[in-house]
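Q: Provided herewith is a single structure, encoded as structure tokens, for subsequent inquiry.
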């Protein structure tokens, strides 16, 4: 790793790296990340830029649970100003996901997390798009990195597909702070365009 930090990169069959808590514009349109890509990551023969998007109802519920039980996020959904930033970041990715913006110039792959969780064939198609051999062998694993699931920690390791990841919003359905997040009309419209109507969430409108 010390050699990699100095820019002496080893040859890799596959390298996956991620940006979180960053505006899409800052990642791809500023001198902050994209301009330093090859210096920090190394050059690639083939590159895919993926957006992995989860619906805001369950994502925000998991973020709130993490803040309460594990550790703080970079931006808090409980603090004025930071709450708005979380919403703006999600919308920046959703706009690109739906083609309303075209900030990413490399090959793109948009991954609907909800669909990925539910559909084996969708997971197979994604693997094929990346030129990877498909396997669902690890689908039930829950990694301990970051504390595991915000709600279940690592208690569902070996049975990850049994987690109620598409029902997390129910935990906060009576929480005024959570309810107020969905007064943002664009947030709701983008969510429904990508994920369809999530039954029960009409109570927030």
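Q: Please sort 152-160, 1-9 by packing, taking for each peptide the average over its residues of neighbouring beta carbons within 10 angstrom, highest first. Can you show the working numbers first?
A: Numbers: 152-160: 14.6, 1-9: 9.0.
Ranking the peptides 152-160, 1-9 by packing returns 152-160, 1-9.
Q: Continuing with the same structure: Can you compute log10 of I(q)/I(0) for the chain with the Debye formula, treating each Cα as one identical point scatterer, at q = 0.11 Å⁻¹?
A: -0.61
Q: Calculate, for residue 157 and residue 80, the FRET efficiency according to 1/(1 + (r/R0)^6) with r their C-beta to C-beta distance and R0 25 Å; round to the nearest 0.05. Before the final figure, lay out the partial values.
A: Details: r = 37 Å, r/R0 = 1.47.
E(calc), rounded to 0.05, equals 0.10.
Q: Would you order 86, 16 from fewest to most other beta-carbon atoms within 10 Å of each residue's own beta-carbon?
A: 16, 86
Q: To the nearest 0.05, how large is the calculated FRET efficiency for residue 205 and residue 102 if R₀ is 35 Å and r is the Cβ-Cβ distance?
A: Details: r = 30 Å, r/R0 = 0.86.
The pair residue 205/residue 102 has a calculated efficiency of 0.70.
Q: Quick one: 95, 54, 39, fewest Cβ neighbours within 10 Å first, how do they rank? Intermediate values should be presented prior to the final figure.
A: Working: 95 16, 54 22, 39 9.
Placing the least packed residue first, the sequence is 39, 95, 54.
Q: In which sequence would 188, 165 go, from the one with the fewest C-beta neighbours within 10 Å to the one with the most? Please list the in-between numbers first.
A: Numbers: 188 19, 165 22.
With the fewest neighbours first, 188, 165 line up as 188, 165.
Q: Looking at the chain as a GNM with Cα springs under 10 Å, which of 166, 132, 190 has the largest mean-square fluctuation?
A: Fluctuation is largest for 132.
Q: Gain in length, residue 197 to residue 118, computed as 0.36 nm per residue apart minus the alpha-carbon separation, to one decimal in nm?
A: Taking 0.36 nm per residue and subtracting the Cα distance, the gain is 26.9 nm.
Q: If you don't mind, there's one more thing I want to ask. Nearest 0.05, what FRET efficiency do residue 37 and residue 164 give at R0 = 35 Å with Cβ-Cβ as r?
A: Values: r = 37 Å, r/R0 = 1.06.
Rounded to the nearest 0.05, the efficiency is 0.40.
Rule-based calculations on the coordinates, nothing more; no lab input. Keep in mind the model is a prediction, meaning the values are calculated, not measured. We place every Cβ from the backbone using ideal geometry, glycine too, and count neighbours over all the protein chains shown.
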